[in-house]
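Chemist: Before we start, here is the structure in question, set down as structure tokens.
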Amino acid sequence: MTGSILRFLSRQPQGPLIYSDRHLLRLPQRSDYNQWRALRAESRAFLQPWEPTWRDEELSESSFRARVKRGNEEYRAGYAVPLLLFSRPDLTLLGGLTIGYIRQGAAQSCMIGYWMGERHSGQGHMLAALNIAIPYIYGQLQLHRIEAACIPENWKSVRLLEKAGFEREGLLRKYLKINGEWRDHVMYSRLPDDGEFGKMTRP
């Protein structure tokens, strides 16, 4: 990803717009509900093995509105940047990527998480999303370390992180309760000098 096709607007009230020629990352809006619900509903069996147990009201409009409100509050407070991933120019929803647990001070780090709709999986969309999100994290957010944790059996996520220049650091035992069970996770991290677009955009 070159600088000529990477554009973003930094911390505006409506949130960042991070995009390339083919993809857009932005904060969720209430108007996204129908697309979000349809994609999550049809991808439930695909997603649920890797996510916390879905609540009964998981896909309700009221739950989505609360999610949007919470996301905006966390963004304004500097705690997280919860983003939805769209294709360009038709703005079809593909999935989501959250920059969370943002820590300043001596740490200057964050944790990323992501999900992809089943029908869009395996087409390189999430790698493309990381390729535009990582320069934003290093440049606009001025963070030094990006962390990601995934279940060892989730080979798609493992392969994605390795392609994006993340390094495996170790095993976190019973780290998160996923689909009703405490699961081990592998910790990955990425520093500004790891990978070509990290080096290009280091602040």
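Chemist: Every residue in segment 86-98 that is closer than 14 Å to G15 by Cβ and buried (at least 21 other Cβ atoms within 10 Å of the Cβ), please.
Modeler: F86, G96, L97
Matching residues to (1) under 25 Å from T53 (Cβ atoms); (2) exposed (fewer than 15 other Cβ atoms within 10 Å of the Cβ); (3) modelled with pLDDT of 95 or more:
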site	(1), (2), (3)
M111	yes, no, yes
G124	no, yes, yes
I134	no, no, yes
I137	no, no, yes
S157	yes, no, yes
Y175	yes, no, yes
W182	yes, yes, yes
H185	yes, no, yes
T201	no, no, no
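Chemist: As an exercise: evaluate W54 against (1) part of a loop (DSSP other than H, G, I, E, B); (2) in contact with a strand residue (DSSP E or B) (Cβ under 6 Å, 6 or more places away or on another chain); (3) not β-branched (V, I, T) and give the number of the one condition it does not meet.
Modeler: (2)
Chemist: Of all residues in segment 90-110, which are in a strand (DSSP E or B) and over 26 Å from R30 (Cβ atoms)?
Modeler: R103, S109 - these are the residues of segment 90-110 that are in a strand (DSSP E or B) and over 26 Å from R30 (Cβ atoms).
Chemist: Right, next: Filter segment 43-58 for residues that are among the acidic types (D, E) and either exposed (fewer than 11 other Cβ atoms within 10 Å of the Cβ) or within 20 Å of N154 (Cβ to Cβ) (or both) and give the result.
Modeler: E51, D56
Chemist: Is it the case that segment 66-81 has a residue that's closer than 21 Å to K156 by Cβ, surrounded by 13 or more Cβ atoms within 10 Å (Cβ to Cβ) and within 15 Å of the chain's Cα centre (by Cα)?
Modeler: Looking for residues that are closer than 21 Å to K156 by Cβ, surrounded by 13 or more Cβ atoms within 10 Å (Cβ to Cβ) and within 15 Å of the chain's Cα centre (by Cα), one finds none in segment 66-81, hence no.
Chemist: If you don't mind, another one. Any residue at all in segment 114-123 that is among the acidic types (D, E) and under 26 Å from F64 (Cα atoms)?
Modeler: yes
The values are calculated or read from the model by the stated rules, or taken from the named source; none is laboratory data. Here the structure is a predicted model, which means the values were calculated and not measured. Neighbour counts run over all protein chains shown; Cβ positions are idealised from the backbone, glycine included.
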